[in-house]
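Peer 1: Shown below is the structure under consideration.
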Amino acid sequence: MKQMALALRVNGEEKPVLVSPSRTLLEVLREDLNLTGTKHGCELGECGACTVLVDGKPMLSCLLPAAQVEGAEITTIEALGGPSTPHPLQLEWARLGAAQCGYCTPGFVMSAKALLDSNPEPTREDIKAAIAGNLCRCTGYHKIVEAIENFARQRKADQAIDRSIDTTATAVRAVALEARG
Amino acid sequence: MAPKTGFAVIGGTETRVDGLEKVTGRTRFADDLSFPNMLYGRFLRSPHAHARIRKIDVSRAAAMPGVHCVLTGRDFPIPFGPLPISEDEYVLAFDKVTYVGEPVVAIAAIDEATADAACRAVVVDYEELDAYMTLEEALEQRGEPIHTEHRFGNIHKAVSLEFGDVAQGFAEAEYFREDVFFYQGNTHMPIEEHSCTGVPEGIDRVTLYSSTQNPHYGHRLIAKALQLPGSRVRVVATPAGGGFGGKCDTFSHEFAACRMALRTGRPVKFTLNREEVFYTHRGRHPVLMWSKIGFRRNGRITGMHFRSFLDGGAYGSLGVATTYYTGALQPCSYRIPYYKFEGTRLTTNKPVCGPKRGHGAPQPRAMIEVQMDKAAVDLGIDPAQLRLVNAIEPYSKTINHFRVTSCGLKECIEKVVEVSGFNDKWGRLPHGKGIGFAISAYLSGAGTTQYPSNGPHSEVVVKVGRFGEVQCLTGSTDIGQGSMTVHASIVAEVLGLHASDVMVINGDTATTPIDLGSYSSRVTFMSGNAALEAARRMRDQIAAVVAATFGIPADCTEFREHKVFNAVNPGQSMAWEDACALAESKLGALSSTGNYTPPDLDGPYKGGAVGPSPAYSYTALAVQVDVDPETGMIDVEKVWCAHDIGFPINQTLVIGQVEGGIYMGLSEALFEEMDYRKSRLEAPSMLDYKTITVNEMPEIETHLICTHDPEGPFGAKEVGQGPLLPAIPALLNAVYDAVGVRIDEVPCTPDKVLFAMERKADGRGGRIGPTAFPEHATTARAVRAPRPAEWENGNEGRMN
């Protein structure tokens, strides 16, 4: 079959690949780019294990021809953080035991990331809607929902602290300026 | 958060040691591995349920460019099976195909597309035979049996066991229940599809990397089927992306990858697609059951007669054990003074059934817990009370000679009644809402190996290096349950370290010692005990050297907080790293071993080796539902569960197993079924094979009951399977409480609920379920075993 030259943008890096037109993004990520963090459970769009972000939106990479996402910003689990540099969401996920076998986890984490990027304070119903297309056979889902909720709550608390630090710093600066004045 | 009494690590909530690798996608699963110059394997599978193979022509396929190896049944002439008493399977169909999807030809090529194209170029000449698709057809057996070598045609295994004279028990009864129940088959559906790569090493060795639960059994079977010395085969279990029993057997793709790797001198990878995973199956057996229980008016059981027919699919797999398990655990939860069990497993032309979480126990558990619920209504006793009246007690012998040690069944029942408000709700909720109750018992590891062996069931090596690094080597596999963390925690507790300080190397038949595998909820109990022994022996070696420099006896040292303390003078201590360097300088390489062999607990009768376990877990559970009378849809609102864990090694892992088990149980109860249209699966896809998603998952309130098992490591017992069992009947009982209909079938789907409600409104009784049980005389030799002495002396099984 005739090969196509594609210029993909994956995790902020330019990735030129030469692939057949029918090749899916999943296959390109795993087999051509050796980014095996993205998993497959069905290759029919049923389980959500292959979820990646395309321009910030969660997409099933098993159903997506790679040729269709040329020029888009593709984000995979590898971009979030490694074991020594985990994203705070991943840290909470691990702490709660929300990953058991861990095979569905990258897909879930990417669905959650997309939600949290677009909706900083999701309700429980928002969270369920965002991960309803991801299947897990180990956990019973509770710890996954809890991890996302905890992360959102913690981030809000941290931002409040950041804001109060900013406010304090401004006040201190004003006092200092006044004293100097 | 209650446990953790006096321990630094055990009983805590430390993050699992492999947690960060998993959440960052860095865990290397089987299909994530690739090797230089690798080939890809695919199967041509049978399109027929039952057919003779007249001729296979592979010439066109073998001549295709890019094809490197083509194998047929003739390349694997040795039949195999996980149980030596049931070796009826070939790697590739030998002279017959016996189910749709059975591998017939294996082809390795430069890529999957080439291998698939070559499979399509194979010509197989089949002579179709009548297929046996149901229990009834298999029993009737109008034509050629599926396995002509089986003595009783399509009857694969028949068991008949009687403990005391059940007629005597029934003579004492004042009330009987006689019921029939059907539990449909279902499958594991791990999110990871099976995958393996065979890699040739040296001139005549092969290493198999595979998503398997049981590398040791795989090692034995691959050597046998490939006619190789065991020393030439190495099996490495990659982290399994879900198992649930579905990766216990050794599969055609594993044998084929090894043979093809040796044949071609190149690595050969097989990764199944989802449809193939459904047909590979080895999941829950469909079971038709009949049970008669005699009661006194006060609720005490006087005797039980239980019969089961198992629809086994095309081959034996572990089905002999499954057959026994449909009758083994009833007396382990209730004090049954007289008991008779007859079980028969039939061969049918469907994908092979095998072990799925609960292995043969969920089906009878569903039936008898519904039966107990019906008896409670009839006798006017509340369902929880009826269970308390009959509950097995700690330190007793069951009527089928199982030794029960720690047992928190009564505490579990009382806890669930308390926290769920069961007594205030049962029979009192508004129409449409209901609460159901059930209990269960399960093994902490099978007491018997799958093949005859006198060796330990678990062996562990602990190594310590010059810089204080610790390795724990175990053959056990982590299938998500957290066994690596359990091992790390046990070793860390003994050596005064954190779990994250211990590197666990596991599941490799070359570098780690033997462990039988991750099945029958055995790993924490058995391999955990081996790890405990190895860690203590390591501690003793280091203690002796450090104590000598302190000038104290070795048992006057304490290992904690990364130090070795002088217990006589706690002001004196030595850093862990210094202690290791010192011990190594005196003793040389530091290593220790630990072993675990369960005590001989076999009952004194044929078949008495299936069911005995060094300890049993107990669970009680209540489910509250909201049933829509218009649609029959069941909304599960909440689950309360109390589980006798003995003692939790890690609370986070234990709660995870409880929640995951209840999830899987409810999903089976509500949705999951292996449904066939003629000889093909109705729904071999993850959309059509409906499972619970986050949207249907109810809230779960879990309570751990700590009975401190005397033989478990730090008192621990199993949790991986037990909590699944009562979820199913508790749901069925809740539906009855909600809308007054009995669904004597699993799954309990809305159409059945609606139909039962219509029947009830018409005055035809609100029950859906089988009405007849095959009156087929068992082919088993009847075994009449004496009742244990603990029953004959009027002690109702109590051992003291």
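Each row is one residue, and each column tells you yes or no for (1) surrounded by fewer than 24 Cβ atoms within 10 Å (Cβ to Cβ); (2) of a type in the set (Gly, Ala, Ser); (3) touching a strand residue (DSSP E or B) at 6+ places or on another chain (Cβ under 9 Å); (4) modelled with pLDDT under 95.
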site	(1), (2), (3), (4)
B:Gly715	yes, yes, no, no
B:Glu718	no, no, yes, no
B:Ile728	no, no, yes, no
B:Leu732	no, no, yes, no
B:Ala738	no, yes, yes, no
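Peer 1: Could you tell me whether B:Arg45 is more than 14 Å from chain A (Cβ to nearest Cβ) and open to solvent by less than 70 Å² (accessible area, probe 1.4 Å)?
Peer 2: Values: more than 14 Å from chain A (Cβ to nearest Cβ): yes; open to solvent by less than 70 Å² (accessible area, probe 1.4 Å): yes.
Criteria met by B:Arg45.
Peer 1: Then there's this: Could you tell me whether the stretch B:664-682 includes any residue that is at negative phi, open to solvent by less than 10 Å² (accessible area, probe 1.4 Å), touching a strand residue (DSSP E or B) at 6+ places or on another chain (Cβ under 9 Å) and without any contact (Cβ under 8 Å) to a residue 60 or more places away in the chain?
Peer 2: yes
Peer 1: A follow-up question, please. Going by the conditions given, is B:Val320 in contact with a Lys or Arg (Cβ under 7 Å, 6 or more places away or on another chain), surrounded by fewer than 24 Cβ atoms within 10 Å (Cβ to Cβ) and more than 23 Å from B:Val370 (Cα to Cα)?
Peer 2: For B:Val320, the condition - in contact with a Lys or Arg (Cβ under 7 Å, 6 or more places away or on another chain), surrounded by fewer than 24 Cβ atoms within 10 Å (Cβ to Cβ) and more than 23 Å from B:Val370 (Cα to Cα) - is met.
Let's see how each residue does on (1) open to solvent by 10 Å² or more (accessible area, probe 1.4 Å); (2) touching a helix residue (DSSP H, G or I) at 6+ places or on another chain (Cβ under 9 Å); (3) in a strand (DSSP E or B); (4) under 30 Å from B:Met367 (Cα atoms):
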site: B:Gln227; (1), (2), (3), (4): yes, no, no, no
site: B:Ser231; (1), (2), (3), (4): yes, yes, no, no
site: B:Gly241; (1), (2), (3), (4): no, yes, no, no
site: B:Ala261; (1), (2), (3), (4): no, no, no, no
site: B:Phe270; (1), (2), (3), (4): no, yes, yes, no
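Peer 1: Tell me which of these B:Glu393 doesn't satisfy, since it passes every other one: (1) open to solvent by 10 Å² or more (accessible area, probe 1.4 Å); (2) assigned to a helix (DSSP H, G or I); (3) farther than 30 Å from B:Thr134 by Cβ.
Peer 2: Against the list (1) open to solvent by 10 Å² or more (accessible area, probe 1.4 Å); (2) assigned to a helix (DSSP H, G or I); (3) farther than 30 Å from B:Thr134 by Cβ, B:Glu393 comes up short only on (2).
Peer 1: Right, next: Taking the conditions exactly as written (buried (at least 22 other Cβ atoms within 10 Å of the Cβ), in a loop (DSSP other than H, G, I, E, B) and assigned by TED's automatic domain parsing to the domain that holds B:Val123), does B:Ala93 satisfy them or not? Before you say what the answer is, go through the steps one by one.
Peer 2: On the way: buried (at least 22 other Cβ atoms within 10 Å of the Cβ): yes; in a loop (DSSP other than H, G, I, E, B): yes; assigned by TED's automatic domain parsing to the domain that holds B:Val123: yes.
So B:Ala93 fits the description; yes.
Peer 1: Could you name every one of the strands (runs of 3 or more DSSP E) located completely within the stretch B:552-598 that has at least 1 residues being touching a Pro at 6+ places or on another chain (Cβ under 6 Å) and of a type outside the set (A, V, I, L, M)? If you could, list the steps in order and put the result at the bottom.
Peer 2: Values: elements: B:557-560, B:563-566, B:573-575, B:590-596.
Output list reads B:590-596.
Peer 1: Only one of (1) open to solvent by 10 Å² or more (accessible area, probe 1.4 Å); (2) closer than 30 Å to B:Thr524 by Cα fails for B:Gly722. Which number is that?
Peer 2: (1) is the only condition that B:Gly722 fails.
Peer 1: Of all residues in the stretch A:84-103 being within 13 Å of the chain's Cα centre (by Cα) and facing chain B (nearest Cβ under 7 Å), which is farthest from B:Glu659 (Cα to Cα)?
Peer 2: The residue in question is A:Pro86.
Peer 1: Let me ask something else. Is there a residue in the stretch B:592-606 that is open to solvent by less than 40 Å² (accessible area, probe 1.4 Å) and farther than 30 Å from B:Ile439 by Cα? Explain how you work it out, then say what you get.
Peer 2: Start the filter on the stretch B:592-606 by keeping residues that are open to solvent by less than 40 Å² (accessible area, probe 1.4 Å), which leaves B:592, B:594, B:596, B:598, B:601, B:603, B:605.
After this cut, where a residue has to be farther than 30 Å from B:Ile439 by Cα as well, the list is B:592, B:594.
Yes, some residue in the stretch B:592-606 is open to solvent by less than 40 Å² (accessible area, probe 1.4 Å) and farther than 30 Å from B:Ile439 by Cα.
Peer 1: Follow-up. Scan A:Leu25, A:Leu53 and give me the residue that is away from every other protein chain (no Cβ under 14 Å), open to solvent by less than 10 Å² (accessible area, probe 1.4 Å), aliphatic (A, V, I, L, M) and farther than 21 Å from B:Met38 by Cα.
Peer 2: Matching residue, one of A:Leu25, A:Leu53: A:Leu25.
Peer 1: Give the residue, chosen from B:Glu561, B:Glu577, that is among the acidic types (Asp, Glu) and closer than 20 Å to B:Phe7 by Cα. Even if it seems obvious, please write down each step before you answer.
Peer 2: Values: B:Glu577 fails: closer than 20 Å to B:Phe7 by Cα.
Testing whether each residue is among the acidic types (Asp, Glu) and closer than 20 Å to B:Phe7 by Cα leaves just B:Glu561.
Peer 1: Among the residues of the stretch B:449-481, which ones are in contact with a strand residue (DSSP E or B) (Cβ under 7 Å, 6 or more places away or on another chain) and among the small types (Gly, Ala, Ser)?
Peer 2: Within the stretch B:449-481, B:Ser458, B:Gly475, B:Ser476 qualify.
Peer 1: While we're looking at this one, here's another question. Looking at (1) more than 14 Å from chain A (Cβ to nearest Cβ); (2) modelled with pLDDT of 95 or more, which is the one condition that is false for B:Thr24?
Peer 2: (1)
Peer 1: Which pairs do you get when a residue that is more than 14 Å from chain B (Cβ to nearest Cβ) and within 30 Å of B:Gln481 (Cα to Cα), found in the stretch A:135-164, comes within reach of a residue that is assigned to a helix (DSSP H, G or I) and β-branched (Val, Ile, Thr), reach meaning Cβ atoms under 8 angstrom, with the pair 6+ apart or on two chains?
Peer 2: Qualifying pairs under 8 Å: none.
Peer 1: Please work out which one of (1) more than 30 Å from B:Tyr519 (Cα to Cα); (2) touching a Gly at 6+ places or on another chain (Cβ under 8 Å) is the condition B:Glu745 fails and give its number.
Peer 2: Failed condition: (1).
Peer 1: Hey, another quick one. Could you check the stretch A:122-151 and list, in sequence order, the residues that are under 24 Å from A:Val54 (Cβ atoms) and either modelled with pLDDT under 95 or not aliphatic (A, V, I, L, M) (or both)?
Peer 2: Of everything in the stretch A:122-151, those that are under 24 Å from A:Val54 (Cβ atoms) and either modelled with pLDDT under 95 or not aliphatic (A, V, I, L, M) (or both) turn out to be A:Pro122, A:Asp126, A:Lys128, A:Gly133, A:Asn134, A:Cys136, A:Phe151.
Peer 1: Then there is this: What is the one condition in (1) modelled with pLDDT of 95 or more; (2) at the interface with chain B (Cβ under 8 Å from one of its Cβ atoms) that A:Gly81 does not satisfy?
Peer 2: All conditions are met except number (1).
Peer 1: Let me ask something else about it. Residues in the stretch B:296-307 that are open to solvent by less than 10 Å² (accessible area, probe 1.4 Å) and closer than 13 Å to B:Asp179 by Cβ: how many? Full working, then the answer.
Peer 2: Step one: filter the stretch B:296-307 for residues open to solvent by less than 10 Å² (accessible area, probe 1.4 Å), giving B:299, B:301-304, B:306.
Then keep just the ones that are closer than 13 Å to B:Asp179 by Cβ; that gives B:304, B:306.
Number satisfying all stated conditions: 2.
The values are calculated or read from the model by the stated rules, or taken from the named source; none is laboratory data. Note that the structure is predicted; figures quoted are calculated from it, not measured. We place every Cβ from the backbone using ideal geometry, glycine too, and count neighbours over all the protein chains shown. Just the protein is used for accessible areas: all its heavy atoms, side chains included, with ligands, DNA and RNA removed. Shrake-Rupley method; radii C 1.70, N 1.55, O 1.52, S 1.80 Å.
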